[in-house]
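Accompanying notes for the structure given below.
The values are calculated or read from the model by the stated rules, or taken from the named source; none is laboratory data. Small disclaimer: the values here were computed from a predicted structure and weren't measured. Here the Cβ positions follow ideal geometry from the backbone for every residue, glycine too, while neighbour counts run over all protein chains shown. Remember, those area values only see protein heavy atoms, side chains included, never the ligands or the DNA or RNA. Shrake-Rupley method; radii C 1.70, N 1.55, O 1.52, S 1.80 Å.
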Amino acid sequence: MASPSLPRTLLAAGAGLTPAAEAEPAPTFDDNYVKDWGNLQLVNQGTEADLTLDQSSGGGGFRSKSLYGSGFFHMRMKVPPGYTAGVVTTFYLTTQPEEDSTRDEMDLEFLGDKDGVPVTLQTNVILNGITKEQRLHLWFDPAADFHDYKILWNTYQLVMFVDDTPVRVLRNLSGTVPGYEFPAKPAMVIRASVWDGSAWATDGGRTKVDWSRGPFTAGYQGFDVSGCASGGGGTPCDSPDLWWNGAEYRGITDEQRAAYERVRKEYMSYDYCADKDRFPDRVVPIECSYV
């Protein structure tokens, strides 16, 4: 399938006030992350973390050492290959505690499937505990190689990228549109995980994890963090001095908009805004009018 990706790379390596000008040694997992639970193995001198789901472990996960109030976050990922029905592989930001019924969260979730059926990418924006999901099939096999998945979050917009292609865009119109919601809670932790989603992930939960086809291992790379640590007493997280808050990152370009519209037209399989069963009276959330 043809790629809707952009020729211009938006994610600059490294954290700080400006994008790094020169290549630096690959950061290791221990620089910014810690094991959270389950089955995690570090390989290649700590520059890759493998999370494995098997019947005994139940999966595994890791999280960032710091909480963040804005940033351009990224992770290179390769999801488990082959038969992966019921397997969920994630990269996301969430407020704490994660079990809070009023949490905010921004998710990239890969939903495994049967042999020959493409993996589904589900993006979630959770605001005050209410999940707003979209699903799409990618224009490549995310199990064949590592790809870059990114979340730009600042006071102007939330944009999720696959490599350089926007796949989810939420503008911050909360200051001008009554009732419009945007993730604004100031402390988010970065998390990643692989786990058993048999109850819902594939065919609405009808197709479960087949443990005889496991174990299921996902790889993660790229452990640098371009983000504003919350509560550090340094530069405010909405400061224009932070490069991801600059004018270039306050809205998507015409080129990005065209790529995004192509994704929505050609690859999206579900959009909560168009779910007639969820909104039988067609009274959809207000942000659905501002795509």
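Is it fair to say Tyr220 is open to solvent by less than 20 Å² (accessible area, probe 1.4 Å), closer than 30 Å to Ser57 by Cα and either outside any helix (DSSP H, G or I) or of a type in the set (Gly, Ala, Ser) (or both)? It is true that Tyr220 is open to solvent by less than 20 Å² (accessible area, probe 1.4 Å), closer than 30 Å to Ser57 by Cα and either outside any helix (DSSP H, G or I) or of a type in the set (Gly, Ala, Ser) (or both). Against the definition (surrounded by fewer than 16 Cβ atoms within 10 Å (Cβ to Cβ), modelled with pLDDT under 95 and more than 30 Å from Leu53 (Cα to Cα)), how does Gly251 come out, yes or no? So Gly251 fails the test. Residues in region 150-168 that are open to solvent by 10 Å² or more (accessible area, probe 1.4 Å) and either out of contact with any Lys or Arg (no Cβ under 9 Å at 6 or more places or on another chain) or closer than 21 Å to Pro240 by Cβ (or both): Thr155, Tyr156, Arg168.
Here Gln96 passes the criteria (1) outside any strand (DSSP E or B); (2) open to solvent by less than 10 Å² (accessible area, probe 1.4 Å); (3) within 30 Å of Pro240 (Cβ to Cβ) except the one numbered (2). Considering region 99-135 alone, what residues qualify as being part of a loop (DSSP other than H, G, I, E, B), of a type in the set (D, E, K, R) and surrounded by 16 or more Cβ atoms within 10 Å (Cβ to Cβ)? Selection gives Arg103, Asp104, Asp113.
Every test in (1) in contact with a helix residue (DSSP H, G or I) (Cβ under 8 Å, 6 or more places away or on another chain); (2) over 16 Å from Met75 (Cβ atoms); (3) in a loop (DSSP other than H, G, I, E, B) is passed by Leu170 save one, and that test is (3). Within region 54-70, the set of residues being over 30 Å from Thr84 (Cβ atoms) and open to solvent by less than 10 Å² (accessible area, probe 1.4 Å) comprises just one member, Ser70.
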